[in-house]
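The values are calculated or read from the model by the stated rules, or taken from the named source; none is laboratory data. Computed from a predicted structure; not experimentally measured. A quick note on method: Cβ atoms are made from the backbone with ideal geometry, for glycine too, and the neighbour counts reach across all protein chains shown.
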Amino acid sequence: MSICFAAIGLDHRHIYHMVGELIAAGAVCAGYCPQTSDPRVLEGFRERFPDLAARDRDALFDDPDVQVILSAAIPADRPAIAIRAMRAGKDVMLDKPGAIHLAQVAELEQVAAETGRLLSICFSERFVVRACETASRLVGEGAIGRVIQTTGLGPHRLNRAIRPDWFFDPAAFGGILTDIASHQIDQFLRFTGAPTARILAAATANRNLPDLPAFRDTGDILLESEGARGVIRVDWFTPDGLPTWGDGRLFLTGTEGTIELRKYVDPAGRPGADHLFLCDRHGVRHIDCSSEPLSYFPRFLTDVRERTDTAMPQGHALHVTRLAIEAQRLADGGTE
């Protein structure tokens, strides 16, 4: 029997792959709420999914056939949507970040525990990247030994002219580390196998937008677990000449080898995305990961049916969110 879901919060374009990949995995969309802060996102959604029905938000929350709510709302609004959905007996998949304040994280944890609902965050820089799927498999097979260090780079193109106002307001989106760097924190925990981590250092800066003094266009984090360290750099400086929105990279150092991911582009000229470079005792080789299947979405649907946590370990989503917020607070001088 197909899982039925609805989309509430069409404020970020990440809703496109969240809806599209769940449909591709066999789920059925019962409709979407057209309320949005960015009409361009709604327009793009309708172009991609012309057969889906726009419905009243309350009706979607109250529909007993809807089992899952997806949301890519303004980040500050995501916790309230998730809480209402869970209290209505529905599982939840949020875009990142799942929250922007520690109090929101605590409330989400409490409601998830009280209701027994699944609360997952779609970290697209892992779950929608086929090279990450290949890297996960290789690490799991012991291809580079035990991962002891990660370096995650998350550059993005600003596209200032098409961004809504909330995008530049930290009170709405949480700051560059809460937002973008949650991806790299997620990857650190996943590839090192660490259940937790500590933020050792964090910094942000506004290097190129003096007319937006509250906005930070670059940020860095140093974190560690008991057996590994991670370095993170995120920014809004992808040049217009790059043929994609960002040259996302991940470097994994293991006790027996290394892996480098060029997620979205290979500057050396190989076509397409999802490039992986493996170096071990046998040599160096390039692996084209473009045909690697994505596992998060079908696993999430299995978890909804069977009440398991194969797509994302229980508590992982909010643990990552808490670490990202803590890093942001440290960078901001101890304030949220």
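Cβ-Cβ distances below 7 Å connect the following pairs, each with a first residue in the stretch 117-143 that is free of Cβ contacts under 8 Å to residues at least 40 places away in the same chain and crowded, with 19+ Cβ neighbours inside 10 Å, a second residue that is assigned to a helix (DSSP H, G or I) and not β-branched (Val, Ile, Thr), and a separation of six or more residues or different chains: 117/86.
Only a single item in (1) within 27 Å of residue 198 (Cβ to Cβ); (2) of a type outside the set (Gly, Ala, Ser); (3) within 20 Å of the chain's Cα centre (by Cα) is not met by residue 299, and it is number (1). Evaluation of residue 106 against the conditions (1) in contact with a Lys or Arg (Cβ under 8 Å, 6 or more places away or on another chain); (2) without any contact (Cβ under 8 Å) to a residue 12 or more places away in the chain shows that the sole unmet condition is (1).
Does residue 217 meet the test of being in the same structural domain as residue 185 (by TED's automatic domain parsing) and under 20 Å from the mean Cα position of the chain (by Cα)? Yes, satisfied.
Please work out if residue 100 is of a type in the set (Val, Ile, Thr) and under 19 Å from residue 327 (Cβ atoms). So residue 100 fits the description; yes.
Exactly one residue among 304, 284 is of a type in the set (Val, Ile, Thr) and surrounded by 20 or more Cβ atoms within 10 Å (Cβ to Cβ), and that residue is 304. Among the residues of the stretch 165-182, the one identified as in a loop (DSSP other than H, G, I, E, B), surrounded by 18 or more Cβ atoms within 10 Å (Cβ to Cβ) and out of contact with any helix residue (DSSP H, G or I) (no Cβ under 6 Å at 6 or more places or on another chain) is 180. Across the stretch 1-31, what is the number of residues that are of a type in the set (Phe, Trp, Tyr) and in a helix (DSSP H, G or I)? So the count comes out to 1. One residue stands out in the stretch 32-91 among those that are among the hydroxyl-bearing types (Ser, Thr, Tyr) and crowded, with 22+ Cβ neighbours inside 10 Å: the one that is farthest from residue 116 (Cα to Cα), namely 32.
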